[in-house]
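Scroll down for the structure; my scribbles are underneath it.
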Amino acid sequence: MKSLSTDFKIFSFLFLSPRYIKDVKGLMEEIKDKPYYNTLKQIIQFTETNYDKVATEFTSCFINDYKHVNCPPYESWYRERTVYGISAQRVLEEYIKYGIYPKKQLADHISTELEFVSFLLFVEQEDEAKKFIKEHIVSWVPKLIEDILANSKGEYTKLLGLALKQFLDYAIQTIFVVNR
């Protein structure tokens, strides 16, 4: 499962902001055999050639859009219909066990949660990673994916939703089926 650490890190970068595309690109060699590799290559190419459009699309989908954001990337939103709810407090408690304090996003932002799983897998805390994925990621990210695919206003967000779906399906299969 440690090999999935890079994958979680890549998706953490993707959902943090399009400006981290160089970080994603730098990690791609490590995931060449994964089913979402080609979709990620398309995301990188699209971002590099249409950055302003991608940044606008990302903002519209995940940060700010008139009248409301269709895909708020927060666990609390999907589980409690609020931002920084009990879910955020629970994940923050998990981070604090490892001396981690999120600085770039709220504790329950998809990017923060994916980066935490990447960390757990990297330090070989596989049982903790599995528990976190089951209790947090699997409980809300599939609905986020549905919302991204249903509400995408362009190629970039559609590819991002597709890649996240491919990744989550692969990760669940690898972690919960193959590694029983």
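Bear in mind these aren't lab numbers, they're just calculated from the coordinates by the rules spelled out. It should be emphasised that the depicted structure is a prediction, and the values quoted were computed from it without experimental measurement. Positions of Cβ are generated from backbone atoms using ideal geometry, with glycine treated the same way; all protein chains shown enter the neighbour counts.
Charges at C-beta only: +1 for Lys and Arg, -1 for Asp and Glu. How large is the resulting dipole of the chain about its Cα centre, in Debye rounded to 20? Walk me through the numbers on the way to the answer.
Working: 24 positive and 25 negative charges, 40 e Å.
In total the dipole reaches around 200 debye.
Shape of the chain from its Cα gyration tensor (a ≥ b ≥ c, root eigenvalues): rounded if a/c is under 1.5, otherwise prolate when a/b > b/c, or oblate? Numbers along the way, then the final one.
Numbers: a/c = 1.62, a/b = 1.14, b/c = 1.42.
Because a/c hits 1.5 or more and a/b fails to exceed b/c, the chain counts as oblate.
Quick one: compute the contact order of region 1-175, relative version, from alpha carbon pairs under 8 angstrom and 6+ residues apart, as a percent. Show your work: numbers first, answer last.
On the way: 204 pairs, mean separation 56.3, N = 175.
After rounding, I find 32 percent.
What residue among Tyr170, Val123, Tyr156 has its Cα farthest toward the positive end of the dipole of region 1-175, where the charges are +1 on Lys, Arg and -1 on Asp, Glu, each on the Cβ?
Tyr156
Report, in deg cm²/dmol and to the nearest 500, the calculated mean residue ellipticity at 222 nm for the chain, where each DSSP H run with n ≥ 4 adds -39500 (n - 2.57) and the sum is divided by the residue count. Walk me through the intermediate numbers first.
Working: 10 runs with 114 residues, N = 180.
For the chain, the value works out to -19500 deg cm²/dmol.
Specify the residue with the greatest mean-square fluctuation among Lys53, Lys103, Lys25, computed from a Gaussian network of the chain linking alpha-carbon atoms under 10 Å apart.
Among Lys53, Lys103, Lys25, the largest mean-square fluctuation in the Gaussian network model of the chain belongs to Lys103.
Answer rounded, prolate or oblate for region 93-180, using the Cα gyration tensor with square roots of eigenvalues a ≥ b ≥ c: rounded when a/c is under 1.5, else prolate when a/b is larger than b/c, else oblate. Show your work: numbers first, answer last.
Values: a/c = 2.39, a/b = 1.37, b/c = 1.74.
Here region 93-180 falls in the oblate category.
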